[in-house]
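Heads up, the thing below is written out as structure tokens.
The values are calculated or read from the model by the stated rules, or taken from the named source; none is laboratory data. These numbers were taken from a predicted model, which means no experiment stands behind them. Backbone-built Cβ (ideal geometry, glycine too); neighbour counts: all protein chains shown. Remember, those area values only see protein heavy atoms, side chains included, never the ligands or the DNA or RNA. Shrake-Rupley method; radii C 1.70, N 1.55, O 1.52, S 1.80 Å.
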Amino acid sequence: MERFEPTGGWVGSLADIMASRSPMIEALTHHRRPAVAAWANENIAKFNDRIARKREWEASQNRSRHETFE
């Protein structure tokens with residue numbers, strides 16, 4: 001699962017980058033190898049939850065930065 005998250009530096013929203021990778025996991029839910037499909041089915045919801053948590057964190061950081069300049 002960690003391979004679907006960026007490592008190192010990135011520009012912009014981490015949640016957006018992760019969301020762009022979510023379809024790759026979705027595609028694996030139909031994989032011809034049952035073990036791969038099972039992994040994808042077990043982890044797609046977890047990955048999407050991680051994206052949602054990142055979005056919430058990013059939003060709170062943006063609010064904090066915006067409030068400090070007012």
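Scanning the range 16-35 for residues that are over 10 Å from PHE47 (Cβ atoms) and among the small types (Gly, Ala, Ser) returns SER20, ALA27, ALA35. Examine the range 51-65 for a residue that is touching a helix residue (DSSP H, G or I) at 6+ places or on another chain (Cβ under 8 Å) and polar (S, T, N, Q), and state whether such a residue exists. Among the residues of the range 51-65, not one is touching a helix residue (DSSP H, G or I) at 6+ places or on another chain (Cβ under 8 Å) and polar (S, T, N, Q), which makes the answer no.
Within the range 15-52, the only residue that satisfies the criterion of being under 13 Å from MET1 (Cβ atoms) and either touching a His at 6+ places or on another chain (Cβ under 8 Å) or not in a helix (DSSP H, G or I) (or both) is ALA40. ARG55 meets the stated requirement of being under 11 Å from the mean Cα position of the chain (by Cα) and either open to solvent by 90 Å² or more (accessible area, probe 1.4 Å) or more than 15 Å from GLU5 (Cα to Cα) (or both). Within the range 22-31, how many residues turn out to be among the aliphatic types (A, V, I, L, M) and open to solvent by less than 30 Å² (accessible area, probe 1.4 Å)? The qualifying residues number 1. The residue that is farthest from the chain's Cα centre (by Cα), among those in the range 2-14 that are outside any loop (DSSP other than H, G, I, E, B) and under 12 Å from ARG50 (Cβ atoms), is GLU2. Is one or more of the residues making up the range 3-21 farther than 19 Å from GLU58 by Cα, open to solvent by 80 Å² or more (accessible area, probe 1.4 Å) and either touching a residue at least 60 places away in the same chain (Cβ under 8 Å) or not basic (Lys, Arg) (or both)? No, because not a single residue in the range 3-21 is farther than 19 Å from GLU58 by Cα, open to solvent by 80 Å² or more (accessible area, probe 1.4 Å) and either touching a residue at least 60 places away in the same chain (Cβ under 8 Å) or not basic (Lys, Arg) (or both).
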